[in-house]
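Enquirer: Next up is a structure, given as structure tokens.
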Amino acid sequence: MKRLPLSPASIVFDPDGTPSSSVYAAPYHPRGHAVQQAHAVFLQGNGLPQRWRGRKRFVILETGFGLGLNFLATWQAWADDPQATGQLWFISIERHPVLLADARRALSICDGTPLQDKAQALLAQWPAASPDGIQVRFAHDRVVLQVLQGDVGAALRDWPLQADAVYLDGFSPRLNPDMWSPPVFKALARRVAPGCTAATWSTARVVREGLVQAGFAVERRAGLADKRRGLQAQLVRSPPRVRDAARIMNGWNEQPAVIIGAGLAGAACAQALSAAGVACLVLDRAAEPAQGASGNPAGLFHGVLHPEDGAHARLLRAAAWMARQHYAPLVESSRIPGQVQGLIRAEPDGQTARMQALVQALGLPTEFVQVLTPQQWGGLLGLPQVLQYPAWLYPGGGWIDPGAWIREALSQPGVRFQGSTPVARLQRLGQDWVVMGVDGRVLVATQRIVLCTAADVCALLPPAATRDWSAHRQRGQVTRVKLEALPHAGPRAPVTGGGYALTLPGGDLLCGATSTRND
């Protein structure tokens, strides 16, 4: 899939500290009025905070993430509102991602203000300049920031969302016409929920006409600083019917969900659904969770690279980034065992120059992946022998104890685990799924069910539903070598290649894994 290459923002700072784009020759915000603009133009222009009160989920779409000030002001308003009891999703699109060093300098205006702590939290997880969508969660998953980096039109076409409010920011239509073009507003019309509002500081004709084209009624309102007028808009036309994940998920939080299987998949689903306000019942045939492959002493995580950079590679890269953001606080606070300082993947057939060319062609930042010479990665691992081939370094990779994480996930509010409950089959009854036990009893009936039973999934559903499915078992084995049996200390970081090896707490070496299909 071909995508426009990312070009990070080129920022210059005026003597008074105001950041400006050298590409568009314009400041990122009104001088001395950055936070005021966020409140006066975007929050008030969208009827916030009043409109998010009582909502289980409220979605804001922003065109132009920039320095993240609109997000910070919105997060602060959400945190200050005792009636904001649900989950806030802030989805922002940015064509020229700001580098961390520039963001740190620009957000120093938050020092000594109510935004200081939130600005520091954002900087600690600042979205890297990557062609992948970056998701970061704050406030115990009550605030979700999703930054889509790339062309705004493509992001609106490809990303499933239903926005309740829209912040139209970015540089002016005169300087950046692509962001305000008719195709962008046409794509926007497919990404709004009934009752959606929009606000912007620009009153340009192309903006007014674009909003009308997207189904909004537009009116001028008082502006801020050197902009006498702004716009606010209300959706008056029903949005087009789009069958995608955003609309399919609409209403999920109205009913509890039943999850069958208490391994990594089941625990991850329970945690995500409970964070979105969905009560979850997790059933498993074992008395305790993580009794299958998810009970291994360690599990590794890292992204992948592929020259074609298809959906599979991008999905796994985004998942690895999210995993790092989620696991790191748990490991660093000793709530689960693990190591999150990076992972090395050996490349016995690799050539350093070709590997570096691939990273450059994909436009991936060093926060995601780096190429190491044999001397470099051997030194990082603390290995005594000289290695003969290069390796990949995934700075955001690492390992965790899966069982410990599963127990942590299942302890979240809104999640109930019920072990020693084998499920024989599912039966459809009206709009409900009836979960049947092995003794023929009805265990529970629900409209929302998630199957996380690996190869057993086909046995639970009616044969007609799984006619075209293929599932098989693949047995694996890991080896644990005691510290006293090792000739020297194990690797300082987890390393993979044909297999993997890592050093467990206490110094034992874990390596593996074998795999035998249908065993």
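Readers should treat all values here as calculations from the given coordinates under stated rules, not as data from a laboratory. Source: prediction; values computed, not measured. Reconstructed Cβ throughout: ideal geometry from the backbone, glycine too, with neighbour counts over all protein chains shown.
Enquirer: How far is helix 264-275 tilted, in degrees, relative to the longest principal axis of the Cα atoms in the chain, given as a value from 0 to 90 rounded to the nearest 10?
Expert: Its long axis makes an angle of about 30 degrees.
Enquirer: A follow-up question, please. At 222 nm, what value in deg cm²/dmol follows for the chain if DSSP H runs of at least 4 each add -39500 (n - 2.57) and the sum is divided by all its residues, to the nearest 500?
Expert: -7000 deg cm²/dmol, from helical runs alone.
Enquirer: Could you give the nm distance between label points at L175 and S7, where each point is 7 Å from its Cα heading toward the beta carbon?
Expert: 1.5
Enquirer: In debye to the nearest 20, how big a dipole does the chain give about its Cα centre with +1 on each Lys and Arg Cβ and -1 on each Asp and Glu Cβ?
Expert: Roughly 1360 debye, rounded to the nearest 20.
Enquirer: So how much slack lies between R475 and C458, counting 0.36 nm per residue of separation and subtracting their Cα-Cα distance, in nm?
Expert: Result: 4.3 nm gained on full extension.
Enquirer: Ok, one more. For the chain, give the share of DSSP beta bridges that are antiparallel, in percent and rounded to the nearest 5; count only bridges with both residues there.
Expert: 60
Enquirer: Now for a different question. Mind sorting out which of (i) 1.02; (ii) 0.96; (iii) 1.06 is the real Cα Rg over 2.2 N^0.38 Å computed from the coordinates?
Expert: The value computed from this structure is option (iii).
Enquirer: Within the chain, count lysine pairs with alpha carbon atoms under 29 angstrom apart where the residues are 8 or more positions apart or belong to different chains.
Expert: Value for the chain: 5.
Enquirer: Using the beta-carbon distance between D111 and Q388 and R0 = 60 Å, what value does 1/(1 + (r/R0)^6) give for FRET efficiency, to the nearest 0.05?
Expert: 0.75
Enquirer: Something else: Under the 0.36 nm per residue contour assumption, what length would be gained going from the current alpha-carbon distance of K186 and A101 to full extension?
Expert: Answer, rounded to one decimal: 27.1 nm.
Enquirer: Of the GluC sites (Glu not before Pro) in the stretch 308-372, which ones lie in a loop per DSSP and count no more than 16 other C-beta atoms within 10 Å?
Expert: Filter output for the stretch 308-372: E308.
Enquirer: For the pair A361 and T446, how long in nm is the line joining their label points, each one 7 Å along Cα→Cβ?
Expert: So the two model labels end up 4.5 nm from each other.
Enquirer: May I ask you to derive the FRET efficiency for A424 and R55 from their Cβ-Cβ distance with R0 = 41 Å, giving the value to the nearest 0.05?
Expert: Result of the calculation: an efficiency of 0.55.
Enquirer: For the stretch 77-174, run through the trypsin sites (Lys or Arg not before Pro) and keep only the ones in DSSP coil with at most 16 other Cβ atoms within 10 Å of their Cβ.
Expert: Of the trypsin sites (Lys or Arg not before Pro), the ones in loops of the stretch 77-174 whose Cβ has at most 16 other Cβ atoms within 10 Å are R174.
Enquirer: On to the next question. Apply 1/(1 + (r/R0)^6) to the Cβ-Cβ distance of Q36 and Q412, taking R0 = 41 Å, and write down the FRET efficiency to the nearest 0.05.
Expert: 0.65
Enquirer: To test your reading of the geometry: what angle, between 0 and 90 degrees and rounded to tens, separates the Cα axis of helix 311-332 from the longest principal axis of the chain?
Expert: 80
Enquirer: Under a crude label model (7 Å from the Cα following the beta-carbon direction), how far is A124 from A311 in nanometres?
Expert: Taking the two extended label points, one gets 3.6 nm.
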